[in-house]
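Each remark here refers to the structure printed beneath this line.
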Amino acid sequence: MEALTALVVGLLVAASVYLMLARNFMRFLFGLILLSNAANLVIFASGRMTKGAPALVPYGADTPAGVVGNALPQALVLTAIVIGFGLLAFTLALAFETYRRLRTMDTDKMRVAEPKDADEDMK
Amino acid sequence: MNSIIFTAGARILVALLFVFSLFMLLRGHHLPGGGFIGGLLGAVAFIVYSLACGPAEAKSALRVSPEGIAIVGLGIALVAGLVSFLFGDPFFTGQWYWVGGDSYETSLFSLNTVLVFDIGVYLVVLGSILSLAYAFEEET
Amino acid sequence: MAEPSDPNAPWVTPAGMITVALTATLFLFFLQYLPVVPRDGAVQWVWDWIPSLQVRLSFWLDGLSLMFALLITGIGTLVMLYAARYLAGHPQYNRFALYLFSFMLSMLGLVLADNLIALFVFWELTTFTSYLLIGFSHTDPKSRRNALQALLLTAAGGLALLAGFILIGVTQGTFELSQLNAAGSMAEQPYYLGILILVLLGAFTKSAQVPFHFWLPNAMAAPTPVSAYLHSATMVKGGVYLLARMHPSLSGSDVWIYTLTIFGGVTAVFASFMALRQTDLKQTLAYTTLMALGTLVMFLAGSSGYAITAAMTFLLVHSLYKAGLFLVIGIVDHETGTRDANLLGGLARAMPITALAAGLSGLAMAGLPPFLGFIAKELSYAGALTMAISWFVVIMGMAAFALMFAVALIVAWKPFFGPQGDLPRKPHEGPWAMVLGPAMLSVIGLLAGLLPGVTAYYLVEPAVAAVMGAPDVGGRLKLWAGFNLPLVLSLLTFALGFVLYLVHARLRAMLAAMEARAIDMDAGWDVLLDRFMAVAKGQTRVIQTGVLRHYMFVTFAVFALTVLGTLVLRPAAAPALNFAGTGFVEWGIAALIVAGTMVVVLTSSRIAALVGLGVVGIGVALIFIAYSAPDVAITQILVELLVVVLLAVALLKMPHLDRTGKQSHRPFDAGLAVLVGGVTTWVLLRVTNTPFDRRLTDFFEASSWTEAFGRNIVNVILVDFRTLDTFGEIAVVIVAALGAFALLKGGAKRPPEDAPEPAPETAREER
């Protein structure tokens, strides 16, 4: 399954890069969501994938029975998902507020911080 | 979403979801669940409620501000870590107290900082996501 | 520029008195070691700081450190008391007291630190705090500019110093000064030259040696108490301290001897002439400080007991009289409203105690008997005769001492005992809090000269022993050392100095004319900074286009190319695409994700994109379910739900994705996208093809129940094994949530000010 996951991740990354290079900020946001999904899958697959054996210690035993899924990447991915959501929400708020102020979603026109005539301002 | 059925159903659904979220929190140490999942479920419960009845009513049903919940949660998590200093252990070492015995097998139940920390996580996730969701609903 | 000070304002403020009391306590603390150090040797305090990097917070109190510590806290106490009165009623006095106190502590740390890294940290702390002090009059652009100049120059030197320290640590295997010095000279070892050059760069910039001298006179923009403190016992002596401290390990080579002699000598003489040229008494004193620093550096070039004793004695004398004189000038400025040497005169009658203090300090500076300054000068000549290129040292020394004699008369004699001047204000004696400092310092200077044996035993000899790395033959400090060559040279110096004083007015005019034609380092500095800014601006214009897409493109391209390069340069067996065990369900999930992704990329509809994202999220969750990660799967599904809800709420208030309903195609971007995706796939295949290291996993599986009493290993890792990580992560969640909350709520309250008038729906566009 790792090989198939690698292919899927490649597609997700390619799609997110393409979207993040778009001028429309909403597309950028979609790219960000896909990218965080891809990153989670990379971490998950790097710890190897085990089918149908959750990392639980059965009642009455001291260690898991047989080979179980690798718990460490799962723990990392679990927090990464929640943090990714926080990041997404923040970016979305940023996008919304930007649109409310500038009335545009075109990132080429969002130049409040680095205006085109910056040279005159830098004096 | 002014459907009467949805509004009426939502109240029951919310209560169920919320209790379920606490259940997921508490069983997390031994079975799938835990603070993150519990917190997310709790947040979903209140978001459903606010979709049904509007953010204002959902907020008043919560009684305290979601940001406050999140901050308190972070504080609880921190305290759970600080407790280990009292016992001379490194920061965030889990501390266990067996009620009615001296080990897992002999005791009735345990008091431990690990669960306290997980409760902190629950509150942080719940509070953060609710404050986000309400802000989006009110401002957009 | 006297700082605003209201004579009637209360000056006994909590901030002032607390800092004075704390500094005085520190002084007393160090004073108790005065009998201990000469008898029992150095005292050491150690705390482990970063054990893994060998960085220890270790303090080392030997003769040299003790002398500096006493000067820093002693003069510090007097200066802080003085400053409380001098700046009475200043609106920012509390801030000033804080700066001055922090500076004092940093300086103290610098002279006590035994670990080179700790020393560097304190070194930079003195740079920062002195920056705040020099720029204290922050409304004055000149003051700001001079403070920045001092900061940039000394911090640049500090960076060189850090590099030198690291080289020392790497080559010698220790960062502890006490061990380095005990090991003896490194002159024969590899990298010595590099180390020496880097350390000297740090020391020379800090102690303002030519050609880095120009920041020091400019630093006079600070209020007078600051100048008194920075330029007597502290800041600028940092470089001298470092050279003295590292003398046992770095000295002894020809490079050391010639570099220090030449730079020190040139600085001393150059500064003496510049001192004579000034009319502002504060500037005059600033240049004499430079002269003293040059002299000290010059004598540290030597390794004989005479040279080092001369340096240490002169260091002590100079700190005492220079602080005293600066404070006197401050009083004069405060009471008469001017610091112009041409205007001042005949103040002795109006301010007798100040005049006395000035006179005593001046005599010490001039090097007349029975002051310690005389002994220092005698020793200097004796030391000079023992050094390499002694003729150069003697000539430079004599020129500097003679000029200093003349300057002492200009600064300490003429304003008080010279002919009556034309003053802007009728002079009064200064308030006691201000007079106390100079008076005490000058009396201590006199006593130190009258009791040379005591001074030598408690202060100078332990310091000399520390610098030389071995106890030296004592008893050199004598007022009458017999009729010998140094005495002749001293007498010659007095004669020369007196002549210079008599002709100083004419000399000053000549020097001014010369200065006008000389290269102005200070102006050169401004040009240098301007060039820097121009380069920065130019490269900013090229690199920072201000367009998000360009930044993203460069970021992704760099990522793809560096990773690709690594993959190609470190070849491994080509990873095989192994689909064994990949069944119908897995292919189905993959197809679902692919379909969802394609919809998001290709659609022009917001709703379709949203659905596509949801499908991808569910597909990923299905992978987690199928591959034994129930916790992750539940989290993924819940988060996916929330994402869709939030996006749906926000997205509908925002414009359509494309203006025409048909998005443009970007083949160039698509190429990069395919490259990045391909690289990622390749990396993941290579990773999963390597043998898996199960050590961590085994540990968690074995200890989850037995040690942490949890059966859900994922949860145990989250809340027990790696709690600190989780704590950091929930903190990030809160920060993100509150950030978004503030954006949405804050934005609503504040209507956009400079945003252009919203043009109706022009925003629906896409190239």
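Remarks
- Qualifying residue in region B:83-100 (condition: in contact (Cβ under 8 Å) with a residue 60 or more places away in the chain and surrounded by 19 or more Cβ atoms within 10 Å (Cβ to Cβ)): no
- Checked against (1) within 7 Å of another protein chain (Cβ to nearest Cβ); (2) open to solvent by less than 10 Å² (accessible area, probe 1.4 Å), A:G31 passes all but a single condition, namely (1).
- Unmet criterion (only one of (1) open to solvent by 30 Å² or more (accessible area, probe 1.4 Å); (2) without any contact (Cβ under 8 Å) to a residue 40 or more places away in the chain) for C:V443: (2)
- Check on C:G294, at pLDDT below 85 and either surrounded by fewer than 23 Cβ atoms within 10 Å (Cβ to Cβ) or small (G, A, S) (or both): no
- Among the residues making up region C:340-378, those that are assigned to a loop (DSSP other than H, G, I, E, B) and crowded, with 24+ Cβ neighbours inside 10 Å are C:L344, C:L347, C:G367, C:F371.
- Residue count for region C:9-27, restricted to those that are within 28 Å of the chain's Cα centre (by Cα) and open to solvent by 40 Å² or more (accessible area, probe 1.4 Å): 7
- Some residue of region C:630-646 being assigned to a loop (DSSP other than H, G, I, E, B), at the interface with chain A (Cβ under 8 Å from one of its Cβ atoms) and buried (at least 20 other Cβ atoms within 10 Å of the Cβ): no
- Helices (runs of 4 or more DSSP H) (entirely within region C:393-489) containing at least 2 residues that are more than 17 Å from C:F371 (Cα to Cα): C:414-417, C:432-450, C:461-468
- Residues that are facing chain A (nearest Cβ under 8 Å) and within 18 Å of B:I37 (Cβ to Cβ) within region C:594-626 comprise C:G617, C:V620, C:I623, C:F624, listed in sequence order.
- Checking C:Y306, C:Y321 one by one, the residue that is under 30 Å from C:G430 (Cα atoms), of a type in the set (F, W, Y) and either surrounded by fewer than 23 Cβ atoms within 10 Å (Cβ to Cβ) or in contact (Cβ under 8 Å) with a residue 40 or more places away in the chain (or both) is C:Y321 and no other.
- Leading residue by the ranking (surrounded by the most Cβ atoms within 10 Å (Cβ to Cβ)) among those in region B:101-140 that are in contact with a strand residue (DSSP E or B) (Cβ under 6 Å, 6 or more places away or on another chain) and touching a residue at least 12 places away in the same chain (Cβ under 8 Å): B:N112
- Scanning region A:84-115 for residues that are open to solvent by 50 Å² or more (accessible area, probe 1.4 Å), in a helix (DSSP H, G or I), within 7 Å of chain C (Cβ to nearest Cβ) and free of Cβ contacts under 8 Å to residues at least 12 places away in the same chain gives A:F90, A:L94, A:R100, A:R101.
- Test: C:G728 is free of Cβ contacts under 8 Å to residues at least 60 places away in the same chain and either surrounded by 23 or more Cβ atoms within 10 Å (Cβ to Cβ) or within 7 Å of another protein chain (Cβ to nearest Cβ) (or both): no
- Those residues of region C:367-378 which are of a type in the set (A, V, I, L, M) and under 34 Å from the mean Cα position of the chain (by Cα), in sequence order: C:L372, C:A376
- Residues that are open to solvent by 40 Å² or more (accessible area, probe 1.4 Å) and within 11 Å of B:I119 (Cα to Cα) within region B:60-73 comprise just one, B:V72.
- Only one of A:A22, A:A45 that is of a type in the set (G, A, S), part of a loop (DSSP other than H, G, I, E, B) and buried (at least 24 other Cβ atoms within 10 Å of the Cβ): A:A22
- Residue check, C:A591 surrounded by fewer than 13 Cβ atoms within 10 Å (Cβ to Cβ), under 30 Å from C:V649 (Cα atoms) and of a type outside the set (K, R): yes
- In this structure, C:Y381 does satisfy being aromatic (F, W, Y), over 34 Å from the mean Cα position of the chain (by Cα) and open to solvent by less than 20 Å² (accessible area, probe 1.4 Å).
- Residue that is nearest to C:Q44 (Cα to Cα) [pool: residues in region C:104-146 that are assigned to a loop (DSSP other than H, G, I, E, B) and free of Cβ contacts under 8 Å to residues at least 24 places away in the same chain]: C:H138
- Taking the criterion of being more than 48 Å from the chain's Cα centre (by Cα), hydrophobic (A, V, I, L, M, F, W, C) and facing chain A (nearest Cβ under 8 Å), the residues of region C:686-712 that qualify are C:A702, C:W705.
- Output for region C:567-584, where each listed residue is of a type in the set (A, V, I, L, M, F, W, C) and either within 11 Å of A:M1 (Cα to Cα) or facing another protein chain (nearest Cβ under 7 Å) (or both): C:L577, C:F579, C:A580
- Set side by side, the residues C:S253, C:S178 differ, and just one is in contact with a strand residue (DSSP E or B) (Cβ under 6 Å, 6 or more places away or on another chain), over 30 Å from C:L98 (Cβ atoms) and surrounded by fewer than 18 Cβ atoms within 10 Å (Cβ to Cβ), which is C:S178.
- Single match in C:V554, C:V499, C:V503, C:V542 (criterion: without any contact (Cβ under 8 Å) to a residue 12 or more places away in the chain, away from chain A (no Cβ under 14 Å) and open to solvent by 80 Å² or more (accessible area, probe 1.4 Å)): C:V499
- Selected residue (criterion: farthest from C:I734 (Cα to Cα)) from residues of region B:30-48 that are assigned to a loop (DSSP other than H, G, I, E, B) and open to solvent by less than 30 Å² (accessible area, probe 1.4 Å): B:P32
- Residues in region C:32-51 that are more than 14 Å from C:V454 (Cα to Cα) and assigned to a loop (DSSP other than H, G, I, E, B): C:Q32, C:Y33, C:G41, C:A42.
- Segments classed as helices (runs of 4 or more DSSP H), wholly inside region C:245-324, with at least 2 members that are over 30 Å from C:I195 (Cβ atoms) and not small (G, A, S): C:254-277, C:281-300
The values are calculated or read from the model by the stated rules, or taken from the named source; none is laboratory data. Just so it is clear, the structure is predicted and the values come from calculations on it, not from any experiment. Note that each Cβ is placed from the backbone with ideal geometry, even for glycine, and that neighbours are counted across all protein chains shown. We work out accessible area using only protein heavy atoms, side chains counted, and drop any ligands, DNA or RNA first. Shrake-Rupley method; radii C 1.70, N 1.55, O 1.52, S 1.80 Å.
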